[in-house]
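For reference, the structure discussed in these notes is given below.
The values are calculated or read from the model by the stated rules, or taken from the named source; none is laboratory data. In this text, all values refer to a predicted model and were calculated from it rather than measured experimentally. A quick note on method: Cβ atoms are made from the backbone with ideal geometry, for glycine too, and the neighbour counts reach across all protein chains shown.
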Amino acid sequence: MPWRVLRQIATVGIITEPAPAPLRVEPGDRATAPADPQVREIHREILAVLGRAIAIRQVDAGSCNGCELELHALTNPYYNIEGLGIKFVASPRHADLLLVTGPVSAHMEAALQRTYEAVPEPKRVVAIGECGCNGGVFGESYASRGRVANVVPVAVEVPGCPPAPLEILRGILQALR
């Protein structure tokens, strides 16, 4: 058994993606600014639009957790959203924005509606991933209400299965405008 695994490792080789480029700090940038110019540009736009902190409540309405993994990637030092004043909160009463992932399962429909109603005005909802945007492979059935817009009004849809963290940041920025 172990020899078979070692042989497979030797024949397949390294299949992971390359490590990100090292952090390069330019004059005028924060010390924690990412090296990727696209991410830096999104940071500048978010700071220009926000001018303050924003609180996000995330709801998993029945996803496969692929989108949640990408949302968690936003909290790592590479994207540094907390340094921009963007934070995830536990209560919808403290939220400025609602991020919803997955097709809305029948069991989550009422919970999503209650969460939406608890978010103070102005309410902004961002549907994340193919399932949130159009129901994905699950569609509508006895167990699934399909897309998020079938249950609550959606301001911005971020397609992808799952969408990249940069696309999620762009969606958040679009919802804030």
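Odds and ends about this structure:
- Residues that are over 24 Å from residue 96 (Cα atoms) and in contact (Cβ under 8 Å) with a residue 12 or more places away in the chain number at least 1 in the following strands (runs of 3 or more DSSP E) confined to region 112-161: 144-146.
- Hits in region 111-127 (condition: exposed (fewer than 15 other Cβ atoms within 10 Å of the Cβ) and among the aliphatic types (A, V, I, L, M)): 111
- Of all the numbered requirements in (1) buried (at least 16 other Cβ atoms within 10 Å of the Cβ); (2) out of contact with any Pro (no Cβ under 9 Å at 6 or more places or on another chain), residue 85 misses one, and that requirement is (1).
- Tally of residues being more than 14 Å from residue 74 (Cβ to Cβ) and in contact (Cβ under 8 Å) with a residue 60 or more places away in the chain across region 162-177: 3
- Residue check for residue 100: of a type in the set (A, V, I, L, M), in contact with a strand residue (DSSP E or B) (Cβ under 6 Å, 6 or more places away or on another chain) and either assigned to a loop (DSSP other than H, G, I, E, B) or at negative phi (or both): yes
- Of the criteria (1) of a type in the set (Asp, Glu); (2) surrounded by fewer than 16 Cβ atoms within 10 Å (Cβ to Cβ); (3) within 16 Å of residue 59 (Cα to Cα), which one residue 130 fails: (2)
- Selected residue (only one of 4, 57 is in a helix (DSSP H, G or I), modelled with pLDDT of 70 or more and charged (D, E, K, R)): 4
- Top-ranked residue in region 7-49 [being modelled with pLDDT of 70 or more and basic (Lys, Arg); ranked as farthest from residue 97 (Cα to Cα)]: 7
- Among residues of region 71-92 that are more than 16 Å from residue 170 (Cα to Cα), those with a beta-carbon under 8 Å from a residue that is in a loop (DSSP other than H, G, I, E, B) at least six positions away or on a different chain give the pairs 77/32; 83/30; 83/32; 88/75; 89/95; 92/119.
- Selection of region 66-97 for residues being in contact with a Lys or Arg (Cβ under 8 Å, 6 or more places away or on another chain) and not in a loop (DSSP other than H, G, I, E, B) yields 83, 88, 92, 94, 97.
- Residue match in region 102-110 (condition: farther than 16 Å from residue 153 by Cα, surrounded by 14 or more Cβ atoms within 10 Å (Cβ to Cβ) and of a type outside the set (A, V, I, L, M, F, W, C)): yes
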